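A quick write-up on the structure given underneath.
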Amino acid sequence: MAQFQSPRGMNDILPEQMAIWQQIEQTCQKISRQFGYEWIVTPIVEDQRIFSRTAGTDSDIVSKEMYVFEDRGGDSLALRPEGTAGVVRAFIEHGMSNRPQPLRLCYFGPFFRYDRPQAGRYRQLWQFGVELIGESSPIADAEVINLQNSLYKNLGLSNVELRINSIGSPESRKKYLDSLKKFLKPQINNLSNESQRHFETNPFRILDSKIENDQKIVSQAPKILEYIDNEDRGHFKSVCNYLDALNINYKIDSGIVRGLDYYTRTVWEFQPADGGSQSTIGAGGRYDNLVEILGGTATPAVGFGTGIERISLNMKKIDEHDQIQNIDAFTIPLGEAGAIRSVQIGNILRNAGFNIVSGIAGRSLRSQLRSANNQNASYALIIGDDEVNANRIQVKALKTEQEQQLLSEEELINFLNTSV
RNA sequence: GUGGGUGUAGCUUAGUGGUUAAAGCGCCUGGUUGUGGCCCAGGAGACCGUGGGUUCAAAUCCCAUCAUCCACCCCA
């Protein structure tokens, strides 16, 4: 057993896992470029208040999952638990409201939540997210959902389901919450302890309770969509129309209420059709008040975040085998002159655009050929003192029965150009 | 924070009270002078998660602890 292990819930990504990881990252880059989103990198650490003010002090993320610490100067900092608040902070700090609106931003990086790890849930998790800031039109909501949907389609996740809801404006939501409380009050003693706690602080959360009896009670409760005002309803209807026009399937689900307080109007989640718990692979929503909450001028915005590990888990279900690296040639030094010459040849070939792994001088020819074969190289380049004296390189094909050749440096480059 | 399962070599596992803990895969070396894959031989690699207890004797039984996995809560 190793003396040290990675911190709980924080995992190494090993070389054999990188193929799928990079495929996801590159697809994020491709899709964001297709939609004209610009990349932004914000610090992994922020003033703790950035998150407590925006996500809500009663949210689980802030109340029990945030890594908070004091730095040596006494400032209270937090490892970022989510991406939107930091991006919005940067938006305000750098006066980005003076750039052409709407502003389209995206990010990719690690986030931290102090939670108990389990399948698909980690203390360090990676997310790709996009934010479309400065536009209130439903076409913006649809664009962001469309981008997210395209990402999954491009990655071959065909059976993901979109569930969508509107939680209205703060005003209409307040009206709704009043009548929800009125409805729940007579039955409050039948609710779970958790839900009873939420009754005072955030009755909204009772709606997505997983407890069966709570669900039974809630199923009779008034629905938010019946309470949101005409403008909210029109906005939601319009988002749905755009999705229809884009041929994006969705299910309206009044149980979708996100865990963060800053959402307004449209909220949604993507999850695999066969998913159990922990299966949501990405979720987003509109947040028209967030910029103002952080001290900027009121600016509407909409965005989503998606978990890279969860995408990866779902892709593994589809295609398990690892990709092996494509090595063009493996240099095999023999003797002292050969050792020097082989490192030179390696660089010459790399500069010519080939992928070259260097053999280790001092090992036998047999063992180096075995290594070359194990590493899936196409050619072995044997460079011993004989070859150095003759100013030639022995080229041995490892994947075909092609006859071994003795080539000059120039001939070798030409040969590789036509062969790999 | 709550509940359950599991900890033996790099990996997958065998071993359920009795010598020096075993195998497959992987790794390294070799199978005459400088030629891979298949095959063969050899080697390295494990304080059996950790600490305590029971016993003449513990990888094996008991307790604790840690880690990990799974579920709940919640979320990506």
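Restricting the calculation to Cα positions, tell me the Rg (one decimal) and the Dmax (whole number) of chain A in Å.
Spelled out, the Cα radius of gyration and Dmax of chain A are 28.2, 96 Å.
If you stretched the chain out fully between residue A:404 and residue A:188, how much longer would it get, using 0.36 nm times the residue separation minus the C-alpha to C-alpha distance?
69.4 nm
Can you list the HN-Hα couplings for the stretch A:7-15, worked out from phi with the Karplus curve (6.51, -1.76, 1.60; θ = phi - 60°), rounded to whole Hz and with x for Gly and Pro?
x, 3, x, 10, 10, 6, 9, 7, x
Just tell me which aspartates and glutamates come within less than 16 Å, Cα to Cα, of residue A:64; anything on the same chain fewer than 8 places away is out.
Of all the aspartates and glutamates, those that pass the test against residue A:64 - Cα under 16 Å, at least 8 places apart if same chain - are A:82, A:115, A:194, A:261.
For the stretch A:164-203, what does the equivalent ellipsoid look like in terms of its semi-axes, each the square root of 5 times an eigenvalue of the Cα gyration tensor, given largest first in whole Å?
They are 21, 11, 9 Å, listed largest first.
With contacts defined as alpha carbon pairs under 8 Å and 6 or more residues apart, what's the relative contact order of the stretch A:327-415 in percent?
Value for the stretch A:327-415: 32 percent.
Could you state the number of Å between the C-alpha centres of the stretch A:331-378 and the stretch A:1-55?
So the two Cα centres are separated by 35 Å.
Determine the sum of side-chain charges near residue A:345: Lys and Arg each +1, Asp and Glu each -1, restricted to other residues whose C-beta is under 10 angstrom from that of residue A:345.
That works out to 0.
Place a point 7 Å from Cα of residue A:385 in the direction of its Cβ. Which residues in the stretch A:333-366 have their backbone N less than 13 Å from it?
Those under the cut-off are A:334-340.
Of A:46, A:387, how do they rank once you tally other Cβ atoms within 10 Å and put the fewest first?
Ranked by crowding around the Cβ, least crowded first: A:46, A:387.
Identify the residues of the stretch A:111-129 with backbone N under 20 Å of a label point that sits 7 angstrom from the Cα of residue A:5 along the Cα-to-Cβ direction, or state none.
A:113-125
In whole Hz, what ³J(HN,Hα) sequence does the stretch A:401-413 give by Karplus (6.51, -1.76, 1.60; θ = phi - 60°), x for Gly and Pro?
Calculated HN-Hα couplings, in order: 8, 3, 5, 5, 10, 10, 10, 6, 3, 5, 4, 5, 4 Hz.
Taking only the Cα atoms of the stretch A:327-415, how large is their convex hull per residue, in Å³?
80 Å³
Residues with amide H under 5 Å of residue A:383's amide H, sequence separation 5 or more or different chain, H placed in the peptide plane at 1.01 Å from N; which?
A:332, A:334
Tell me whether the stretch A:1-154 comes out rounded, prolate or oblate; compute the Cα gyration tensor, take square roots of the eigenvalues as a ≥ b ≥ c, and use a/c under 1.5 as the rounded threshold.
It is oblate, given that a/c is not under 1.5 and a/b is not larger than b/c.
Sort A:50, A:164 so that the residue with the fewest other Cβ atoms within 10 Å of its own Cβ comes first and the one with the most comes last.
The most exposed by this proxy come first: A:50, A:164.
Would you order A:160, A:257, A:41 from fewest to most other beta-carbon atoms within 10 Å of each residue's own beta-carbon?
Ranked by crowding around the Cβ, least crowded first: A:41, A:257, A:160.
Below 14 angstrom from the Cβ of residue A:105, what's the summed charge of the other residues (Lys, Arg +1; Asp, Glu -1)?
Computed value for this residue: -1.
Okay, helix-only estimate at 222 nm for chain A: each DSSP H run of n ≥ 4 adds -39500 (n - 2.57), divide by all residues, round to 500 deg cm²/dmol; what do you get?
About -12000 deg cm²/dmol.
If R₀ is 30 angstrom, what is the calculated FRET efficiency for the pair residue A:118 and residue A:355, using the beta carbon separation as r and rounding to 0.05?
According to the calculation, E is roughly 0.15.
Under a straight-distance cross-link criterion of Cα-Cα below 25 Å, which lysines are reachable from residue A:153, leaving out those fewer than 8 residues away in the same chain?
A:30, A:237, A:251, A:316, A:317
Work out from phi, with θ = phi - 60° and the Karplus expression 6.51 cos²θ - 1.76 cosθ + 1.60, the ³J(HN,Hα) of each residue of the stretch A:220-236, listed in order in whole Hz, and give x for Gly and Pro.
Each residue's phi maps through the Karplus curve to give 8, 6, x, 9, 4, 5, 7, 10, 5, 6, 4, 5, 4, 5, x, 4, 5 Hz.
Laboratory data are not the source of any read-out in this text; all were calculated from the coordinates shown. What you are looking at is a predicted structure, and each value in this text was computed from that prediction instead of being measured. Heads up, the Cβs are rebuilt from the backbone with ideal geometry, glycines too, and the neighbour counts pull from every protein chain shown.
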